[in-house]
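Contents: one structure, followed by commentary.
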Amino acid sequence: MFEKKENTSASILLNMFTRVKHLGGLYVESLRLKTTEKITIILAAVAFYAVAMALGLVGLVFISLAAGRMLAMSIEPYLAYFIIAAFYMLLLLLAFLWRRRIFIDPIARFISRVLVEMPEEERVRQAQLRKEMVCTMADRAEAEARAAERAVEKELEKTEDSHEE
């Protein structure tokens with residue numbers, strides 16, 4: 001009888017171990033799937049922006065050439081190209097000065113949004129804020145429309161008064 005209890009205890013422990021092992025496998029599989037999804041999102045964004053930047057660069061080159069040729073019609077050609085180059089150096093300086101606001105912060109927000117899951121209460125709070133903002137914008141647009149209607153009515157009254165005299 002003692003052996004039977006030990007046997008059932010061993011089978012219960014074996015069963016628990018098997019279930020815990022299965023649960024651990026499911027957690028690992030879930031982690032792999034989430035990681036794959038997040039890496040896919042990040043790589044798709046990188047690919048999209050790389051293609052967009054390449055196409056934008058090609059367009060920018062042609063626009064720069066056209067602007068240089070147009071300027072060269074009214075001033076010396078070498079001065080025209082110096083002006084275009086100075087414009088790009090100014091853009092480079094501004095990009096360097098605002099690199100955190102233009103590049104670092106948006107990339108950090110994007111990666112943290114992809115990799116870090118937002119708590120449910122924060123998600124609800126942000127949804128409420130968006131709803132309030134939309135309502136505020138709609139109220140503001142409605143008030144502006146009413147103000148415009150009143151202004152038109154006043155103008156019509158002024159024109160009617162001037163015609164009556």
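The table that follows gives values for the structure above.
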| item | result |
| --- | --- |
| Centre separation in Å (Cα based) which lies between region 45-91 and region 100-165 | 35 Å |
| Compactness relative to 2.2 N^0.38 Å, alpha carbon Rg of region 100-149 | 1.73 |
| Identified option (computed Cα Rg over 2.2 N^0.38 Å; candidates [x] 0.93; [y] 1.03; [z] 2.16) | [z] |
| Where region 24-135 is the region considered: accessible area per residue in Å², 1.4 Å probe | 85 Å² |
| Which of M16, L43, P119, positive extreme of dipole for the chain (C-beta unit charges) | M16 |
| Point-charge dipole on Cβ atoms (K/R +1, D/E -1) for the chain, about Cα centre, debye to 20 | 1640 debye |
| Carbon plus sulfur fraction of accessible area for region 108-159, probe 1.4 Å, in percent | 60 percent |
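The values are calculated or read from the model by the stated rules, or taken from the named source; none is laboratory data. Note that the coordinates shown come from a computational prediction; the quantities given were computed from them, not determined experimentally. With ideal geometry, Cβ positions are generated from the backbone for all residues, glycine too; neighbour counts draw on all protein chains shown. Note: accessible area is taken over every heavy atom of the protein model, side chains too, but ligands, DNA and RNA are not part of it. Shrake-Rupley method; radii C 1.70, N 1.55, O 1.52, S 1.80 Å.
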